[in-house]
Every structure is written in C-alpha cells, then in structure tokens.
Amino acid sequence: MSALQATLLLIEDNRELSGLLVQTLTASGYVVDTATTASQAAEALGKRRYSAAVLDLGLPDRDGLSLLRDMRKQSDPTPVLVLTARGGVQDRIKGLRGGADDYLAKPFETEELIARLEALLRRQGNLVERVVRCGRVAFDSESRQVTFGGRSMVLPPRESTLLEILMRHIGRVVPKRQVEDQLFGVVQPVGSNAVEVYVHRLRKLLADAGAGLEIHTVRGVGYLLGETK
Amino acid sequence: MWWSPSILTRLMWLNGLALCAVALLMPLALYSLLGSAADDLHHRALKETASEIAHYLSPGSDGGLLFDLPDEMRELYSHSYGRYAYAILDRSGRVLFTSEANNAAISPGDKLQPTPAYFQLPWDSRILFGGSFPEQVQDQRVWIQVAEDLNHRDVVIDDIVADFFQRVGWITLPFMAVLLVVNAAIFLYALKPVLNLSKIARTIRPTQLDFRLPTDRLPREIAPLVTAMNNALNRLEQGFNNQREFVADVAHELRTPLAILRTRVDGLSDGELANQLRRDVSRVSRIVDQLLVIAELEAFTVSPNETADLQRICSEVVTSLAPLAIAKGKSIALTGETTPVRIRGDSDALFQAISNLVSNAIRHTPEGTTVEVGIDPRAIVKVVDRGPGIPKSERENIFRRFWRRDRRSEESTGLGLTIVARIVEAHAATISVGDADGGGAVFSIKFPSLGDFAADSVKGRDPPKRPTPALS
C-alpha cells in the first residue's frame, strides 16, 4: 500500500513510549520523525509535509490542543491522530472540535493505532486513489472495472456504485440514506426497498464470484461490507 | 395557620389576630374615655353653675340668707325653659330657695355630704342629671343642688357618647381591614429578598457546583446565612475540583505507563504468555478507563437547556458497534421511531450509556442472533439481547460497582452498568431490566419528556435519587 512511503510525525513527550512507538511504526513501514515538545513539533511541521501526525495532548511546554488549533489556523492540512491520557468524554469532543481527525485514548493496542493511521491515510487519499482493494476484489473507480481474483468484469452502474461505496468504507457501517443519495440522487424519491434490491443483486454477484466479501445489513441503519470468515 | 412553617403565613395570622383585638378594644376604650370625659364636663358645668348661684347668696339682716337672682338668670332656670333647675338647702335639709314649684328640693333624698355628690333622677318623663355642692356663705353652710335635663336638644355631648358605636366606633373596622392589607403588602415587601433567595435556591441541583446565591442588597438578618451557604458551596466546589484534578492526574500517571506496557506486550511474538499479558493489560486498562469515567461522572450534570436526539444517538451507537457485533458473528438492528426524539440531555453521556448497554448485549447474545436497539417516541430506549437474561434475584445488584455475575469473567469490569446508572440518574431517567419475549434481557431507559422537565424545574424540590431499578 501507499502507506509504505508514508512519513509520520510522532509528537510524544514520554521518551520511552515514543521509542517503542517508533519501533512499532517503523516495523509497519512508516518513516517516523519524533518531537517531544510542541515547539519542536511546530518546527518540524514547518520544515516538511508529513502524511500524518500522531499528537499527544499532554506536552510539557504547551497543550497539544493549542498546537493543533494553530496548525488548523495556518491551514496545515496534515491529518492528525490525537493520543491522550485524559480520555474523558469532554476531552474527546474538545479534540475533535479542535481539528483532530481521529482520537485514541491511552493505552491503546498497537494494532488499533496502525489501523486508525491507515484509515486516516486512506481517507486522505480518497480522491486520488483510483483502485480500491478489499480481500480478493479490486475496484477501478475510473474504468468502473471490478476484478475478482484476477477475473475482470464490468458491473451494471448502480451495482458498481454500491460496491465502490461499500469498499471505500469496508468494516464500517454506511448509512442507508447515504447509499440512497449516491445511487439515486438526492432529488429522486425512491421506494423504501429500492436500495435493498441492489444490495441483494450485489450480494449474489459477490457470492457467485467467490469474492470473499459479504454485505451485512444493519437493520434500521445501513450496510457493512466485511470479509467472509 | 399561625403555626404554619411559613414566616409569611405566621405573620399574617398573628397580625390579623392582633388587629382584630385592636378593632374590638379600641372602640370600647374610646367609648369609656369619651363617657368619662362627658361626665367630667357635666360635673364641671354643674359645679360652675352652683358657684354662680352661690354668688347671688348674701347674709340677710335677720341672720338668714338673701337670694338675689337677676331676671335673665331666673329665666334660664324657669320651668318653661325646662333645661336647668336649682334648689338651695340649709344644713337641716330645709329648702331655702328653689326654681321648682311647691318649694321642692331637686333631690329630696340628698345626704348633704361635705363633698359634691351627683345624682340622676326622673323628671317629668325625662332624665335629670344633677349635683349637690356644699357652699359657705359667711358663717352659714348651704347645699346648692343644680340639675340639667339631659334630653334637652342643646345637650349634644351625651348623644355623641350614646351614638358612639353607631356613628364613630365602626370606623376602626375598615381602618383595621385596610391596615391588614397594608401590613400584608409590607410583610411581602420586607420578605421579598428572602422569597427571591428561596426561589433561586430551589433551582440548585446537587451537582451544580458553580452556583452561588446573590448577596447584594440582602437584609442584614439573612446575609450571614447566605454567606455561610455560599462559603459551603465554595468549599464543595473546591473539593470537587481537587478531586477532578486528582482524577485527571491519576489518569495521566496510570495511562502513560499502561500505554508503554501495552506497546511492549504488543511487540512480543504471539504465544500463550503474550496473549495472556495482552488480556491482562486490556483488563486493567478498561478498569482504569471506567473508574475515570465514573469519577468524571460524579460531578456531571445536564445543563437545563441542553437537548439531545435519542434517535440519532441510538443510530450512532449502532453504527459504531455494528462492526464489533458482526466480527463476533452476531447482528445488530435499530428499530422503532425513525424521526428525532428530543429529550433534555447530554448527547455524549447518553452515547456512552447506550453504548455500554449495547456492548453488554453484544457480549451476552449468542452467535447468529441479533441485538435490537428500539426507540419509542415516548422517550424510551430499549436494548434487547437473546442471551440468558438476568435472573430476578440479581436485577437489583447489577448496577452496583464492580458487581459481576460471573466472577471469573475477564471481559467484564463490573463498572459498565454503574456508569449507565449514573448517567441515567443525571438525566432524571429510570432504568429497568426485564425478560425479552422469547428469552434474553431487555434494558429500558425511560427519559422524562421535554415538557415534564419544564414542569419539574419549576417544582424541582427533591434532588434526584440514586436509581433503583424498577423491576418488571
């Protein structure tokens, strides 16, 4: 994945944790720079463009949130994943309102940190990434071509749109309303089970092709694409 | 009633009683004063008349007495005028001179005492009021009796006394009534600062820390009370803030080493020990998390004008937990109302509470079954699982801190439901546990509707109680 070239700025004042995280992240293929204070971080952010920053809120010289606000004020678009030892509900809100793209409370599983970083980078690359891959399925958003384990085919337009939406949000729930809007447009009124029809068709296609992907219905909310166990 | 605990009511009753007593006693006192003043006037007038008559007495050459009353005076005492009468008696009671016919005394039974004596007699169907006054003319002692007809048209003073209640005495009643009303207004005005304070104090909720009673323009009598209370609130707030800071510090001090530990353990190659350590770290982390949430919730309140949409919150909870459910081979669904259900509430706290319930449900429902989150437009949220359900005997315990049905369970910290209960309490909502149709547990949270809350904040007397699960 493109994450292999991704450069990260890790802003964490605890050197022990910072060192461990550098090891882990480097092992996952990231290039990691570190900063232990807000001023160091500001300096590093000024020098080069990072793919993402991991920001601990409890910094010795200045609150991480104020650094984040400054970044956003200077229209620095670097996606920021906030790490905090506070972890209260109020802090989460403050963090997200202050311009954080995601939020992780200490302690966290290394796997989760990496998954969130990947999601962050993927989201960031949404517009440019032409090919989305999940399991044995690859979707080319330009040619609208779907490849199931090497076998290419072109799906009907609505099935293909539906597959793209679900693949771009794999493992997460896509609200039914959002699917409706993207399949039929906002203005055109649709029957309550119009989406269900296409979901059904796509399910059959995926099953027949042995795609290893499964569409789950979360009744009352939306749909979730997952890999078949 | 006057023994009422209300100062105002007591004042009104006591004041009313006092004014009634005054309204009754004052006319009586006035009547008696007026009566004695009138008597006094009469007595003085009679004594002056007697002295004047004595003035016309002089010793005669024969050792007797001469009485030379001028004509205009004689006219005054005449029977035809009918107002005054006189008689002059000597020591033996013999009538020397009189205005009456037949040489009669005015008061024949007079004892002729050395001091003036007064009498009242019937006189031709009228009442005669008079006095007998000893006078000294040279060496002779005489008694001059003078009398006045009280019914005569010119005698006004007695009529005033007689008609007092009818004409004057009643005036106290309207005055007292007006005074009663005026006093009520004065009491209300004087007690207004106290009433205002009470009204403000009534709106304070037990967890509202930044609230102080206003101390400007307070009556001197209650200012110390209010100041003392504000000081207590200051100390309380300080205590809360200290606790909150402590909790934040503990959070930081515990979480950073835990994060280091976690990262180290995650770096170990997979193995029995590594997996066990990961589970241990996860468990300690969860306990620390939830304890901190509980500590944070101790001082948590829902501000009065904050509203939340239950439908949206439930939808968010289902969205965020669906991947977890699906990963475990279970399913989750949102049912019921699809339009906003607004309540007074804190969205983040409610998200946390409903998430806890749904996580529990996902844990307990068997693989292949569905957890249902139902929204009722009457501000009720139901979380239904298909698990073993909760036995009736345990339903009271599940909201206690660290209570776990299965002590060996590593997944549960025993704090999740305590957090739910605390958030439910802060929203003045109630939580109940029941059996689902077809097996499983149902947790229902019933919130007061927005309208109820408006009414409650007006009444707002009792602080919300610890939630006792309503067992259904």
Check: Can you find even one residue in the range A:171-182 that is over 23 Å from A:K229 (Cβ atoms), surrounded by 13 or more Cβ atoms within 10 Å (Cβ to Cβ) and away from chain B (no Cβ under 14 Å)?
Finding: yes
Next item on the list: Check whether at least one residue in the range A:221-229 is within 14 Å of chain B (Cβ to nearest Cβ), exposed (fewer than 14 other Cβ atoms within 10 Å of the Cβ), modelled with pLDDT under 90 and touching a Gly at 6+ places or on another chain (Cβ under 6 Å), and report yes or no.
Entry: yes
Item checked: Unique match (being touching a residue at least 60 places away in the same chain (Cβ under 8 Å) and more than 14 Å from chain A (Cβ to nearest Cβ)) among B:L236, B:L209 -> B:L209
Next item on the list: Check whether at least one residue in the range B:153-171 is over 25 Å from B:L19 (Cβ atoms) and in contact with a Pro (Cβ under 9 Å, 6 or more places away or on another chain), and report yes or no.
Entry: no
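Yes/no matrix, rows are residues, columns are (1) within 28 Å of B:T203 (Cβ to Cβ); (2) touching a Leu at 6+ places or on another chain (Cβ under 9 Å); (3) of a type in the set (D, E, K, R); (4) outside the structural domain of B:G440 (by TED's automatic domain parsing):
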residue: B:G267; (1), (2), (3), (4): no, yes, no, yes
residue: B:E272; (1), (2), (3), (4): no, no, yes, yes
residue: B:L292; (1), (2), (3), (4): no, yes, no, yes
residue: B:E306; (1), (2), (3), (4): yes, no, yes, no
residue: B:L310; (1), (2), (3), (4): yes, yes, no, no
residue: B:V318; (1), (2), (3), (4): no, yes, no, no
residue: B:S331; (1), (2), (3), (4): no, no, no, no
residue: B:R342; (1), (2), (3), (4): yes, yes, yes, no
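Determine which member of the set B:P304, B:P323 is within 44 Å of the chain's Cα centre (by Cα) and not polar (S, T, N, Q). Spell out how you get there, then give the answer.
On the way: B:P323 fails: within 44 Å of the chain's Cα centre (by Cα).
Testing whether each residue is within 44 Å of the chain's Cα centre (by Cα) and not polar (S, T, N, Q) leaves just B:P304.
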Margin query: I want to confirm something. Restricting to the range A:29-82 and keeping residues that are assigned to a loop (DSSP other than H, G, I, E, B) and within 14 Å of chain B (Cβ to nearest Cβ), which single residue is nearest to A:I11 (Cα to Cα)?
Written below: A:T36
Next item on the list: Quick one: B:K199 ticks every box in (1) surrounded by 13 or more Cβ atoms within 10 Å (Cβ to Cβ); (2) under 29 Å from the mean Cα position of the chain (by Cα) except a single one, so which number is it?
Entry: (1)
Next item on the list: Pick out, from the range B:85-166, the strands (runs of 3 or more DSSP E) lying fully within it that include 3 or more residues that are in contact (Cβ under 8 Å) with a residue 12 or more places away in the chain and surrounded by fewer than 18 Cβ atoms within 10 Å (Cβ to Cβ).
Entry: B:117-123, B:126-137
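Conditions (1) within 27 Å of B:L24 (Cβ to Cβ); (2) free of Cβ contacts under 8 Å to residues at least 60 places away in the same chain; (3) within 14 Å of chain A (Cβ to nearest Cβ), marked per residue:
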| site | (1), (2), (3) |
| --- | --- |
| B:L173 | yes, no, no |
| B:L188 | yes, no, no |
| B:L191 | no, no, no |
| B:S198 | no, yes, no |
| B:P219 | no, yes, no |
| B:N231 | no, yes, no |
| B:F246 | no, yes, yes |
| B:P257 | no, yes, yes |
| B:D270 | no, yes, yes |
Item checked: Near pairs, Cβ below 6 angstrom, 6+ apart or cross-chain, from the range B:275-291 (under 19 Å from A:E111 (Cα atoms) and within 12 Å of chain A (Cβ to nearest Cβ)) to any residue that is among the aliphatic types (A, V, I, L, M) and part of a helix (DSSP H, G or I) -> B:R278/B:V265; B:V281/B:L261; B:V281/B:V265; B:S285/B:L258
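The values are calculated or read from the model by the stated rules, or taken from the named source; none is laboratory data. Quick caveat, the model's predicted, so the values are computed rather than measured. All Cβ positions, glycine included, derive from the backbone under ideal geometry; neighbour counts span all protein chains shown.
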